[in-house]
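Read through the structure below, which is laid out as structure tokens, and then see the notes.
Computed from the coordinates by the stated procedures, all read-outs in this text should not be read as laboratory data. Because the structure is predicted, anything quoted here is derived from the model rather than measured. Please note: Cβ atoms are built from the backbone with ideal geometry, for glycine as well, and neighbour counts cover all protein chains shown.
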Amino acid sequence: MHRDQGRNTYVSIESQSEDYEPRPAELETQTPQTCSSRMTHFFQAALWCLAGGTLVGFAVSVLWWEPVCQPPPAKSSTVAPPQQHSLPMHNYTRSRVYSSTRPLRQPQEECNPFLEKGFLHYNPADPGDNTWRPYSPDCKPSNLFERLKLDLHSKQESFGESAQDEFAWLRNRTVVLIGDSIDRWHNVDFCNVLSWEPGSTEKEPLISANRPTRTYYVGADSPLSPPPWHFHPEDPLKPPEDWPTHEHELFAFQTPIWDAGKINANTTRPRVCEIPKYGFKLVSLFNWGLDPKEGGRLYANISGYFPPAEYTSRIEHILKPILGSLAAESNNTLVTKPDLIEMSSGFWDLRQWAEEDQKIAEARVGRKIEYPSEYGIGFSDLDQERLAWWTERQKRAIRFVSAAFPQPQTPILWRSLHHTQPHHWVGFDRVNQIDQLARYNIERLKREDSSLEPRLRIDEWGALMLGQEHHFRDVMHVRELPGGVLWGDVMLWELRRAVKKRGFTYYDSA
């Protein structure tokens, strides 16, 4: 781990594994120094001393001279020549700001194109042809999304249970996303673009009635949905203890609205994408940051809000029951044991702090601030108290997910944050600060907990999206192309890697 002065951050240098052998071109012939050669160095040192006439000159020359004079070992004809192994010419010195969260790829493992230096290719005329293209000719683009799209629109009937078909690793797999509206759009775009008919373009997508994917949200009135959650089940209208005391009436007024879940339900309710051909499910859970303060009061008036607000509580009381319902509906208990989990948080946490900063600034100037950016609100460094607050809750959330889904071969990805368009809720400096902190915390967790070390990985989607701010739906959400397809490519690559690493096995259905 070395400090990069240019970035003011720490960047890891990938070390070589114990069984690493350099390529033949890297071998250098070392001529052993003999007694006579070292004595020559001594006389050279004496000359330095006479020339310099100072103790400094002598000290420097002595440091250059190797004082131990031993004859070189005798050559033996029985010593076997060093073995030479040929390694693929992949780039082992990648230096994007991935810090040390990138796992060291063993030589026998397939190269990960999303960790290679490259660029995001954009093609509005061919939706599947939007992916990360490495510069290295030895690491090809993934293109899993494009190949899956072609497969779903082919005339071939569904494959049998043979492991020989290209997408056998996708069969009866479940992926879970725990994040926010970014992840909701990832879910929606993944499902919809896969269903775009051949010949579709970004401006003219074509979806037939007989589409190969299915996407829907789980409304409050759905049989898949758990019953409404209350802070006090015996008295649903009673607010949490940290709710502002002067706003209890607001809580009582809003609770029936939250329970009904009728307002903008498609934005915050859990969402499911299914590929029936392969029995694949993608389930996303919307969260309001890691831990909204005052029981979620800040978001109480936002349409679509419903409690609980805290990250792990939503996993326990919303996500897990829905996975159970989906398992029962499909008669497949494996749905409750996801094969890949992706987590993220950041934008809602940053908004909460920006709202706090705005209230402080308004109290200082004595009036309401209409344009927070003019006052620099949301664009200053986060102090250590906030960073410590976020660190504690991120680590708690990751540990909770690991315990809730303890299958050791299920990777837990942390999705990196992307660069948005300008907005005071998500100041560029704060987005980068939180993203770097998340990576640092994950590295610490991997060192502290041996059970997490093989499971935790970084989804570099956010870093790969840098420079694509002109392909957004709004100031924050990316469009299907290229961002949505890129995310789908990354997710499919990570899922395939995980399943292949398990030998295509499934978890015990009990």
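Summary table below
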quantity: Set Lys262/Lys337; Lys117/Lys277; Lys293/Lys395; Lys446/Lys501 screened for pairs whose C-alpha atoms are more than 24 Å apart; calculated: Lys262/Lys337; Lys117/Lys277
quantity: Computed FRET value (nearest 0.05) for Ala388 with Asn123, which takes r as the C-beta separation and R₀ as 51 Å; calculated: 0.70
quantity: Sequence of Ile257, Ile377 once ranked by neighbouring C-beta atoms within 10 Å, starting from the fewest; calculated: Ile257, Ile377
quantity: Candidates per trypsin sites (Lys or Arg not before Pro) in segment 404-479, loop by DSSP, up to 16 other Cβ within 10 Å; calculated: Arg473
quantity: Set of lysines with alpha-carbon distance to Lys368 below 16 Å, sequence-local pairs under 8 removed; calculated: Lys359
quantity: Residue order, fewest to most beta carbons within 10 Å, for Glu249, Glu202, Glu294; calculated: Glu249, Glu294, Glu202
quantity: 13 Å beta-carbon shell around Pro270, net charge (K/R +1, D/E -1); calculated: +4
quantity: Rel. contact order, % - alpha carbon contacts under 8 angstrom, at least six apart, segment 434-510; calculated: 16
quantity: Relative exposure of Thr245, Thr333, judged by other C-beta atoms within 10 Å (fewest first); calculated: Thr245, Thr333
quantity: Charge dipole magnitude, Cβ of K and R +1, D and E -1 - segment 275-321, Cα centre, debye nearest 20; calculated: 260
quantity: Whole-Å semi-axes of the ellipsoid equivalent to segment 178-302 (Cα gyration tensor, √5λ, descending); calculated: 36, 15, 12
quantity: Overall form of segment 358-510 per C-alpha gyration tensor (a/c, 1.5; a/b vs b/c); calculated: oblate
